[in-house]
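Undergrad: One structure, as structure tokens, below. Some questions next.
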Amino acid sequence: MIRFEDIVEEILRYNPEADIDLLRRAYIFSAREHRGQVRLSGEPYLSHPLAVAKILADKRLDVISVAVGLLHDVIEDTLTTREEVESYFGADIANIVAGVTKISKIPFTSQEEIQAENLRKMILAMVDDIRVILVKIADRLHNMRTLQFHNPEQQERIARETLDIYVPLVNRLGMGKIKNELEYLAFLHLYPENFQSLKNKIEKEKKVSQGFIKKITRILETNMRKNKISAKVEGRVKNLYSIYQKILRQKISLDEVYDYIAFRVITNSAGDCYAALGIIHNLWSPIPERFKDYIAMPKPNKYQSLHTSVISKEGSVFEIQIRTKEMHKIAEEGIAAHWKYKEKKFIPTAEDQEFLWLRQMVEWQQEVKDPREFMHSLKVDLYQDEVYTFTPKGMVKSFPRGATVIDFAYSIHTELGHQCVGARVNGKLVPLKTALKNGDIVEIITSPGHGPSRDWLVFVKTSRARSKIKQWLNRKERERSIELGKKLLEKELKRHHHSLKKLLSKGEIREVASQLGHLQENDLFSALGYGNLSPRQVLSRLLPPEELEEKEAFQPLPPLVRRKLVEKKVLVKGHDDLLTYFARCCNPIPGERIIGYITRNRGISVHSADCPNLMNLLYDTARMIEVEWELDKDHSYPVEVSIYLEDRPGMLAKITSAIANQKTNIKNITQKEVEGKKALLNLLLEVKDIQHLRKIVSSLRGIKGVIEVKRVLRQTLAVS
Ligand code: MN
């Protein structure tokens, strides 16, 4: 049993001026009122308020909250009235105790409507004074810790309620540590068999996993030190409930769960987090779709971290979270970390950004009569994975978080998606990639004959939209490849004074197509368009050899087709879209000279005119075609920059801030030490155009200690 002195000791550690006298009076009052009462565990009832007060003190809350922890059950479970509490302890404490009591009286059941109503009441109580909910959470945590003394039905009911009501709420308040514990305890009581078998499995492999944790931790620590990043490394087995959810979500068996070990790297600055990420990705291969940057895009509950999953050389997958000490504190304590014991700011004010959602929720509940609709809105904020939106006629559509206007359009009808050119959300015109928010009323604007763009694939979230867009693009791509193939062949034939039209009408093209294994003429053209087949190969079957030879002398290639690239917003004149992509070796940026290259089977790759690979002998000049930019101001392009610098303290900070001053995102940083106190830093930046890049480079060159700054153009062996 917790002793009162333990609580006092804890509080004095963070708040030496705390009003201990007030606490002592609350303790004595509570002891007197609960006298003779016994918990199901057989302990004196007082053990419960003491434990709750200790949890609140551990969270470093103010004296009032801790006092309420001691008193929280006196109105509910004894003959004490609210007025008495007020006369002894003042209005503040009386209000909060009354608030906690009110919540305790809410009959929770699993029916959706009633749950909505109850959550609504809890949220209203929070708006009065957030401490009401903090005390209630501490109360629930202790009750969950002692749940084994209840009978099985009660255990199930309380555990269910904890998962349904408290866990989402605690999660929304960002209190990661308590959330984990509540989930763990709820899992234990709700699914005891699953809990036990999962636990046994992990126990059985403990020796192996401890060895693994030790090994990876050592590698991480060594490499951070080598790169002069001061960081704390932690390895652990993930939260059992989250492993269990993964089993359910992925429909896998217990034996198929392998990545239940996770690591954390805790650094001193956000810059160090990205640098650490670069180091980690140099050590092990990352799984791209598992990377999440919650530093650049914090969760609504203020959670920040970089998440990456990597594969070790032996093939084990494990997750690494990278965050600063500050971010770590917020991830663990959430709202409790924002409110220091000294600030008397426990009532949300208009300035508290983090309580905007709370106020919105309350306003919403006043307008919405239908509890189901209210529940939908709650789900959005409490269960962060879903977004509920409406059609103009009021039909509810739910989406994964991050879904866009395009996802919405495809969810209604494929054609509506294809022809979508814009949207009005709540009456306002918005860009197509706008992420939907709860309660948005979405109206799609279409233009007949319009088609989807490849860019959409970058931001759509639903698989339906993705597959419909891909289908359309594939169809179009084939049409274009046929057209391009026809042009290529026509041009080559013209040089030899033949006409494609005539050969087509005589059926000679069909003949050659079938000789080359194609079913129809269009398949032949398509192969030409994709570069799988060269016009010369076709001609050699159409024309006698003498006729071919005399024309083989080199001729400079006139602009073939002036194509328009849409992919990544680079446009090539003439046609539009498709069959085009950026060469990965040089990643051209708007404003610089570019050249298109017809590849053998992947369409046209666009290179920077300076790209060393274009000079490569593997590249056939006859395949080069003229391309040109069409600028889109909102788009940015990845470019890799390499900085050679003196390795002295503070350099990384100077460099990142110089880049930030140019309003530029850093997507990745990798660092390499070089001999003689020098270092090589490679940055992946997002730039608007070549001028933007030049500005960045010149400001980097202006930093003392920077020796050279270069754009990275990679030499590749293969043609791309
Ligand atoms: Mn209680």
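Undergrad: Which one is nearest to the ligand (Cβ to nearest atom) among residues in region 96-107 that are in contact (Cβ under 8 Å) with a residue 24 or more places away in the chain and surrounded by fewer than 16 Cβ atoms within 10 Å (Cβ to Cβ)?
TA: Narrowing region 96-107 to residues in contact (Cβ under 8 Å) with a residue 24 or more places away in the chain: 96-97, 99-101, 103-105.
In the following step, the residues that additionally are surrounded by fewer than 16 Cβ atoms within 10 Å (Cβ to Cβ) were identified as 104-105.
On the way: Ser104: 7, Lys105: 12 Å.
Ranking the qualifying residues of region 96-107, first place goes to Ser104.
Undergrad: What single numbered condition from (1) touching a residue at least 40 places away in the same chain (Cβ under 8 Å); (2) aliphatic (A, V, I, L, M); (3) in contact with a Pro (Cβ under 7 Å, 6 or more places away or on another chain) fails to hold for Leu277?
TA: (3)
Undergrad: Could you figure out which of (1) at pLDDT 75 or above; (2) over 25 Å from Asp689 (Cβ atoms); (3) part of a loop (DSSP other than H, G, I, E, B) isn't true of Tyr619?
TA: (1)
Undergrad: Given the conditions (1) more than 22 Å from Tyr581 (Cβ to Cβ); (2) surrounded by fewer than 17 Cβ atoms within 10 Å (Cβ to Cβ), which single one is not true for Leu457?
TA: In the conditions (1) more than 22 Å from Tyr581 (Cβ to Cβ); (2) surrounded by fewer than 17 Cβ atoms within 10 Å (Cβ to Cβ), Leu457 misses (1) alone.
Undergrad: What pairs can you find where one residue is in region 504-520 and on the phi < 0 side of the Ramachandran plot, the other is at pLDDT below 90 and assigned to a loop (DSSP other than H, G, I, E, B), and their Cβ atoms are less than 6 Å apart, with a gap of 6+ or different chains?
TA: none
Here's the yes/no breakdown for (1) in contact with a Phe, Trp or Tyr (Cβ under 8 Å, 6 or more places away or on another chain); (2) assigned to a helix (DSSP H, G or I); (3) free of Cβ contacts under 8 Å to residues at least 24 places away in the same chain:
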residue	(1), (2), (3)
Glu161	yes, yes, no
Gly174	yes, no, no
Phe187	yes, yes, no
Glu193	no, yes, yes
Lys199	no, yes, no
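Undergrad: Check region 426-434 and report whether any residue there is more than 23 Å from Phe390 (Cα to Cα) and within 19 Å of the chain's Cα centre (by Cα). First the steps, then the outcome.
TA: Taking region 426-434 as the starting set, the residues that turn out to be more than 23 Å from Phe390 (Cα to Cα) are none.
No, every residue in region 426-434 fails to be more than 23 Å from Phe390 (Cα to Cα) and within 19 Å of the chain's Cα centre (by Cα).
Undergrad: Which of the residues spanning region 189-205 are under 14 Å from Tyr260 (Cβ atoms) and charged (D, E, K, R)?
TA: Correct list: Lys199, Lys201, Glu203, Lys204, Glu205.
Undergrad: Go through the residues of region 693-701 one by one and say whether even a single one is in a strand (DSSP E or B), polar (S, T, N, Q) and farther than 20 Å from Cys585 by Cα. Can you show your working first?
TA: Step one: list which residues in region 693-701 are in a strand (DSSP E or B), which gives none.
No, the conditions are met nowhere in region 693-701.
Undergrad: Let me ask something else. Is it true that Tyr341 is aromatic (Phe, Trp, Tyr), closer than 20 Å to Ile178 by Cα, part of a loop (DSSP other than H, G, I, E, B) and at pLDDT 55 or above? Spell out the reasoning first.
TA: Values: aromatic (Phe, Trp, Tyr): yes; closer than 20 Å to Ile178 by Cα: yes; part of a loop (DSSP other than H, G, I, E, B): yes; at pLDDT 55 or above: no.
Taking the combined requirement at face value, the residue does not satisfy it.
Undergrad: Within region 572-603, which residues are of a type in the set (A, V, I, L, M) and either modelled with pLDDT under 75 or in contact with a Lys or Arg (Cβ under 6 Å, 6 or more places away or on another chain) (or both)? Let's see the steps before the verdict.
TA: First, the residues of region 572-603 that are of a type in the set (A, V, I, L, M): 572, 578-579, 583, 589, 594-595, 598.
Hits for region 572-603 are Val572, Leu578, Leu579, Ile598.
Undergrad: Can you pull out every residue in region 240-288 that is in a loop (DSSP other than H, G, I, E, B), modelled with pLDDT under 90 and out of contact with any Phe, Trp or Tyr (no Cβ under 6 Å at 6 or more places or on another chain)?
TA: Of all residues in region 240-288, those in a loop (DSSP other than H, G, I, E, B) come to 251-253, 257-260, 268-269, 284, 287.
Imposing the further condition that a residue be modelled with pLDDT under 90 reduces the set to 251-253, 257-260, 287.
The answer is Lys251, Ile252, Ser253, Val257, Tyr258, Tyr260, Ile287.
Undergrad: Same structure, new question: Among the numbered criteria (1) outside any helix (DSSP H, G or I); (2) at pLDDT 85 or above, which single criterion is violated by Ala553?
TA: (2)
Undergrad: When the residues of region 53-65 are filtered to those that are β-branched (Val, Ile, Thr) and more than 16 Å from the ligand (Cβ to nearest atom), which remaining residue is farthest from Glu10 (Cα to Cα)?
TA: Residues of region 53-65 β-branched (Val, Ile, Thr): 55, 63-64.
Filter again for more than 16 Å from the ligand (Cβ to nearest atom), leaving 63-64.
On the way: Val63: 11, Ile64: 15 Å.
Applying the filter and picking the extreme gives Ile64.
Undergrad: Within region 66-95, which residues are within 11 Å of Val135 (Cα to Cα), within 13 Å of the ligand (Cβ to nearest atom) and either among the polar types (S, T, N, Q) or under 40 Å from the mean Cα position of the chain (by Cα) (or both)?
TA: Residues satisfying the conditions are Val68, Gly69, His72.
Undergrad: Testing Lys136 on (1) modelled with pLDDT of 90 or more; (2) surrounded by fewer than 18 Cβ atoms within 10 Å (Cβ to Cβ); (3) within 16 Å of the ligand (Cβ to nearest atom), one condition comes back false. Which one is that?
TA: Here Lys136 meets the rest and fails (2).
Undergrad: Could you tell me how many of the residues in region 26-52 are more than 12 Å from the ligand (Cβ to nearest atom) and either aromatic (Phe, Trp, Tyr) or assigned to a helix (DSSP H, G or I) (or both)?
TA: The total comes to 7.
Undergrad: Let me ask something additional. Any idea how many residues of region 1-29 are crowded, with 16+ Cβ neighbours inside 10 Å, under 18 Å from Leu134 (Cβ atoms) and not hydrophobic (A, V, I, L, M, F, W, C)?
TA: Number of matching residues: 2.
Undergrad: Another question about this same structure. Name the residues in region 306-331 that are of a type outside the set (A, V, I, L, M) and over 19 Å from the mean Cα position of the chain (by Cα), would you? Before the answer, list the steps.
TA: First, pick out the residues of region 306-331 that are of a type outside the set (A, V, I, L, M): 307-309, 312-316, 318-319, 321, 323-326, 328-329.
Within region 306-331, Ser312, Lys313, Glu314, Gly315, Ser316, Lys325, Glu326, Lys329 meet the criteria.
Undergrad: Pick from Lys232, Lys179, Lys238: which is surrounded by 15 or more Cβ atoms within 10 Å (Cβ to Cβ), touching a strand residue (DSSP E or B) at 6+ places or on another chain (Cβ under 7 Å) and charged (D, E, K, R)? Don't jump to the end; show me each part of the working.
TA: Values: Lys232 fails: surrounded by 15 or more Cβ atoms within 10 Å (Cβ to Cβ); Lys179 fails: touching a strand residue (DSSP E or B) at 6+ places or on another chain (Cβ under 7 Å).
Going through Lys232, Lys179, Lys238 in turn, just one is surrounded by 15 or more Cβ atoms within 10 Å (Cβ to Cβ), touching a strand residue (DSSP E or B) at 6+ places or on another chain (Cβ under 7 Å) and charged (D, E, K, R): Lys238.
The values are calculated or read from the model by the stated rules, or taken from the named source; none is laboratory data. Because the structure is a prediction, the values reported are computed rather than measured. Please note: Cβ atoms are built from the backbone with ideal geometry, for glycine as well, and neighbour counts cover all protein chains shown.
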